[in-house]
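The values are calculated or read from the model by the stated rules, or taken from the named source; none is laboratory data. Everything quoted here is computed from the prediction, not taken from an experiment. FYI the Cβ positions are ideal-geometry reconstructions off the backbone, even for glycines, and counts take in every protein chain you see. SASA here: full protein model, heavy atoms, side chains in, ligands and nucleic acids out. Shrake-Rupley method; radii C 1.70, N 1.55, O 1.52, S 1.80 Å.
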Amino acid sequence: MTLSTLETASPALDLERIRADFPILDQEVNGHPLVYLDNAASTQKPAAVIDAIGHLYRHDYANVHRGVHELSHRATEAYEQARGKVARLLGIGDEGEFVWTKGTTEGLNLIAYTWGQANIRAGDEILLSVMDHHSNLVPWQLLAQRTGAKLRFLDIDGEGRLDLSALDDLLTERTKLVSIAHISNALGTINPVTEIAAKAHAVGAVMVVDGAQSAPHLPVDVPSLGADFYAFSGHKMCGPTGSGGLWGRREVLEAMPPFHGGGDMIDFVELESSTYAPLPLKFEAGTPNIAGAVGLGAAADYLASVGREAILAHERHLMAYALERIAEVPDLTVYGPRDPAARSGVVSFTLGDVHPHDIATILDGEGIAVRAGHHCCQPLMRRLCVPATARASFYLYSGTDDVDRLIDALHKARAVFGY
Ligand code: PLP
C-alpha cells in the first residue's frame with residue numbers, strides 16, 4: 001500500500017463523533033491540541049462510563065450481595081448486570097466463568113497462586129516468551145521459586161514475532177503451563193495463541209492468555225481461543241482503573257482452590273474450616289470494586305455500540321498509515337512486524353542514539369503524549385539490545401491527523417538533536 005492509495009479518512013468510524021464522547025480529549029497541552037498516544041498504558045474514558053459511575057454513587061450505591069434493602073438490591077443488580085455486559089462483549093456465555101479482578105496482573109497472579117500451587121511440582125516446566133510483560137513473567141518466577149519448577153522461553157525473530165520453530169522442542173511432557181501475551185504491549189505483535197494452545201494441550205499443559213492488549217483491540221471471542229484462562233484489564237478498554245476480569249474454563253476453575261479468603265466467597269464457615277461459594281464468587285473475596293465493575297459494564301456497552309469489527313478495521317487502517325508515514329522519518333528504527341495486519345495498536349521506535357525519554361519530552365512539548373521506557377518488558381529490551389523505546393499507541397479515537405502531528409514533531413526532534 002502506498003500513501004497515494006491509502007485513504008487518510010478511516011472508512012470504519014465517525015471519528016468526530018467518537019472524539020466528542022471523550023471529554024478529556026478536548027483540551028490543549030503545552031499550547032497545542034492534545035494528541036493522546038499512550039493507549040497501551042491506559043485509555044481515556046467516554047462520558048458514558050464517567051456518567052455510569054456518577055449515577056451509581058448518586059442514586060444506587062450500597063454494598064452488594066448482602067443487604068435486603070432497596071439500595072443494596074439496586075447495587076447488586078447493577079454489579080451483576082455489568083458482569084453480563086463484559087462477558088457478552090468477550091463472547092463468554094457462562095457468567096460463572098467470569099471472575100472480576102482488578103486487572104490483568106491480579107488475574108495472572110490468581111492463576112499462579114491457586115492453580116500453580118495445586119499443580120506445579122519440582123522439575124515441571126512453565127513456558128513463557130521473551131516478549132512478555134513483567135506481569136506475565138514475575139508471577140511465574142515466584143511460582144517457580146516456590147515449587148522448584150523451571151521456566152523456559154520462546155524467542156522472537158528479527159521482526160519481533162514469536163519464533164515458533166522452537167515450539168515443538170520446548171513443549172514436552174514436563175511442560176505443565178504455557179502463558180503468552182495475545183498482543184505484545186511493546187511491539188504490537190499479535191501472537192497465534194490458538195495454535196500455541198492446541199500444541200500446549202497436546203502435551204497436557206494448561207494455556208493462559210494475557211489478554212491485556214487484545215481485549216481492547218480485537219473482537220475476541222474468548223472461549224473459542226482454545227485456551228484455559230484469559231486475563232484482561234478494564235482501564236485499557238475505556239473502563240475505570242482497578243477493574244478487569246479473568247475467564248477460566250469452568251472445570252478448571254471448579255478444581256482450583258480459592259485465592260483470597262473472606263466475605264462473599266464462602267458457603268458455610270466454621271471456626272476451623274469453610275466451604276466455598278459457587279463460581280465465580282469463590283474467587284471474589286471481600287467487598288468488590290462495585291463502581292469499577294459498573295464502569296467497565298458501561299465501557300463494554302460503549303465498545304459494543306461502536307462495533308468491535310469497526311474498531312479493528314479503523315485501527316488496521318491507522319496502523320498501515322502510521323507505519324508508512326513513520327518510515328519517512330530518517331534515522332528512526334521501528335520495532336515489530338512490518339505487516340500492519342500482524343500487529344495491533346502499538347508503534348515502538350528509537351531515533352538514532354537519542355534516549356527515548358528525550359524524544360517523549362520533545363513530543364510532550366508539542367502536546368503529544370507517548371510512552372518512553374522499557375514498557376514493563378526489560379527482558380525484551382535486552383533482547384532488542386536497546387535500553388528503552390518510545391511508543392505511540394492508538395485507540396478508537398486516534399486518527400491519521402494524530403499520526404501527522406506525531407511525524408511533524410519527530411522531524412522537529414531530529415532537528416533538536418542535530419540529525
Ligand atoms: N500484560 C500486558 C501485555 C500489558 O500490556 C499490561 C499492562 O500494560 C499488563 C499485562 C498488566 O496490566 P495491568 O497493569 O492493568 O494489570
| If only Cα atoms are counted, what is the Rg of the stretch 50-305, and what is its Dmax, in Å? | 18.6, 61
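Helix-only estimate, please: 222 nm mean residue ellipticity of the chain, summing -39500 (n - 2.57) across DSSP H runs of length 4 or more and dividing by its residues, to the nearest 500. Show your work: numbers first, answer last.
Details: 15 runs with 154 residues, N = 419.
Value at 222 nm, helices only: -11000 deg cm²/dmol.
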| task | For helix 138-147, report the angle its Cα long axis makes with the longest principal axis of the Cα atoms of the chain; keep it between 0 and 90° and round to the nearest 10°. | result | 40 degrees
| request: Quick one: grab the alpha carbon gyration tensor of the stretch 42-120, order the square roots of its eigenvalues as a ≥ b ≥ c, and give me rounded if a/c is under 1.5, else prolate or oblate depending on whether a/b is larger than b/c. | output: prolate
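Ordering Ile407, Ile53 by accessible area with a probe of 1.4 Å, largest first, what comes out? Let's see the in-between values first.
Values: Ile407 0, Ile53 40 Å².
Result, largest first: Ile53, Ile407.
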| message | With every protein chain left in place and a probe of 1.4 Å, what is the accessible surface of Thr333, to the nearest 10 Å²? | response | 70 Å²
| request: Using a 1.4 angstrom probe on the protein heavy atoms only, line up Ile290, Ile190 by accessible area, largest first. | output: Ile190, Ile290
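Could you tell me what percent of the DSSP beta bridges with both partners in the chain are antiparallel, to the nearest 5? Walk me through the numbers before you get to the answer.
Working: 29 of 48 bridges.
Within the chain, antiparallel bridges account for around 60 percent of the total.
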| note | Taking the alpha-carbon centre of each part, the distance from the stretch 236-259 to the stretch 177-215 in Å is 16 Å
| request: Please give the solvent-accessible surface of His133 in Å², to the nearest 10, using a probe radius of 1.4 Å with every protein chain present. | output: 50 Å²
| request: Distance between Cα centroids, the stretch 67-96 to the stretch 373-393: provide it in whole Å. | output: 38 Å
| So how much slack lies between Val386 and Glu272, counting 0.36 nm per residue of separation and subtracting their Cα-Cα distance, in nm? | 35.7 nm
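In Å², and per residue, what accessible area does the chain have when probed at 1.4 Å with the other protein chains present?
On the way: 16840 Å² over 419 residues.
I get 40 Å² per residue for the chain.
Leaving ligands, DNA and RNA out of it, rank Asp267, Asp401 by accessible area with a 1.4 Å probe, largest first.
Working: Asp267 105, Asp401 70 Å².
Descending accessible area places them as Asp267, Asp401.
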| query | Can you give the translational diffusion coefficient of the stretch 286-419 in µm²/s, computed by Stokes-Einstein from the Kirkwood radius over Cα pairs at 25 °C and 0.890 mPa s? | reply | 150 µm²/s
| said: Students often forget the sequence filter, so: which lysines lie under 23 Å Cα-Cα from Lys282 once same-chain residues fewer than 8 apart are removed? | reply: Lys85, Lys102
| task | Have a look at Asn119, Ser393, Leu410 and report the one farthest towards the positive end of the charge dipole of the chain, computed about the Cα centre with Cβ charges (Lys/Arg +1, Asp/Glu -1). | result | Asn119
| task | Tell me the label-point distance for the pair Ala118, His201, using the 7 Å Cα-to-Cβ offset, in nm and rounded to one decimal. | result | 2.0 nm
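How high is the relative contact order of the stretch 308-419, in percent, with contacts defined as C-alpha pairs under 8 Å that are six or more residues apart? Don't skip to the answer; put the middle values down first.
Numbers: 129 pairs, mean separation 33.9, N = 112.
About 30 percent, as a whole number.
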| message | Among Gly262, Pro219, Phe232, whose Cα projects farthest towards the positive end of the dipole of the chain, with charges put on the beta-carbon of Lys, Arg (+1) and Asp, Glu (-1)? | response | Gly262
| query | Do you know the relative contact order of the chain, to the nearest whole percent, from alpha carbon pairs under 8 angstrom that are 6+ apart? | reply | 24 percent
| Tell me which aspartates and glutamates have Cα within less than 12 Å of Lys150's Cα, excluding those fewer than 8 residues away on the same chain? | Asp124, Glu125
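State to the nearest 20 debye the size of the charge dipole of the chain about its Cα centre, where the only charges are +1 on K and R beta carbons and -1 on D and E beta carbons. Don't jump to the answer; show the numbers that get you there.
Values: 34 positive and 52 negative charges, 115 e Å.
That gives the chain a dipole magnitude of about 560 debye.
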| Treating the beta-carbon of each Lys and Arg as +1 and of each Asp and Glu as -1, no other charges, what is the dipole magnitude of the stretch 157-214 about its Cα centre, to the nearest 20 debye? | 220 debye
| field | Difference of contour (0.36 nm per residue) and Cα-Cα distance, Asp331 to His69 | value | 87.8 nm
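Pairs of alpha-carbon atoms within less than 8 angstrom and 6+ residues apart define the contacts here; what relative contact order does the stretch 208-305 have, in percent? Spell out each step's value before the answer.
On the way: 129 pairs, mean separation 23.1, N = 98.
Relative CO of the stretch 208-305 lands at 24 percent.
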| note | Lys and Arg at +1, Asp and Glu at -1: neighbours of Lys85 with Cβ under 12 Å from its Cβ sum to -1
| query | Leaving out ligands, DNA and RNA, what percent of the accessible area of the stretch 159-203 is carbon and sulfur, probe 1.4 Å? | reply | 50 percent
